[in-house]
Amino acid sequence: MAQTVRPAGNRSAPSRVTHARSATGSLFATDGKPHPLQETLMVVTGVLGVLAFVTAMFHSLHLLSSWAGLIGILTGIYGQYISRTTWERFGLIMGIGASAVGFYLGMAHGGLFGGVIT
């Protein structure tokens with residue numbers, strides 16, 4: 001948290017970035033380097049989170065919401081473990097939250113195997 005806002009000063013931009021960043025740090029500041037694995041995990045976690053959250057509103061879709069939520073939670077946790085920037089962590093936390101809500105509501109409506117295994 002101490003690096004969220006940095007004092008104004010002369011900071012050189014990375015060589016691949018064509019424009020210089022502002023002197024104050026941004027909440028969504030990146031390091032200017034590509035992180036394809038982390039960004040893919042962030043997108044997958046977000047998609048699974050939205051899927052789990054939306055399908056959790058329907059009682060009959062508890063299998064989809066609970067499994068999508070569980071996979072979204074696990075994907076997001078691994079993404080948090082290897083994330084490098086605040087932007088990635090923010091997106092992962094939002095996806096994990098939506099996945100968790102969908103997972104818990106799916107579990108309340110019947111669970112991971114409700115009705116399939118008797």
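The values are calculated or read from the model by the stated rules, or taken from the named source; none is laboratory data. This structure is a prediction, so every number in the text was calculated from the model and none was measured. Here the Cβ is made from the backbone with ideal geometry for all residues, glycine too, and neighbour counts use every protein chain on show. These area figures cover heavy atoms from the full protein model, side chains too; ligands, DNA and RNA do not enter into them. Shrake-Rupley method; radii C 1.70, N 1.55, O 1.52, S 1.80 Å.
Identify the single condition in (1) out of contact with any Ser or Thr (no Cβ under 7 Å at 6 or more places or on another chain); (2) part of a helix (DSSP H, G or I) that L92 does not satisfy, given that it satisfies every other one.
All conditions pass for L92, except number (1).
Which of (1) open to solvent by 30 Å² or more (accessible area, probe 1.4 Å); (2) farther than 21 Å from G106 by Cβ; (3) at pLDDT below 95 is the odd one out, the single condition S60 does not satisfy?
For S60, the failing item is (2).
Is at least one residue of the range 67-83 in a helix (DSSP H, G or I) and modelled with pLDDT under 95?
no
Hey, among the residues in the range 30-46 that are under 12 Å from the mean Cα position of the chain (by Cα) and of a type in the set (A, V, I, L, M, F, W, C), which one's most open to solvent (accessible area, probe 1.4 Å)?
Among them, the one singled out is V43.
Answer with yes or no whether F103 is aromatic (F, W, Y), open to solvent by less than 50 Å² (accessible area, probe 1.4 Å) and at pLDDT 95 or above.
In short, yes.
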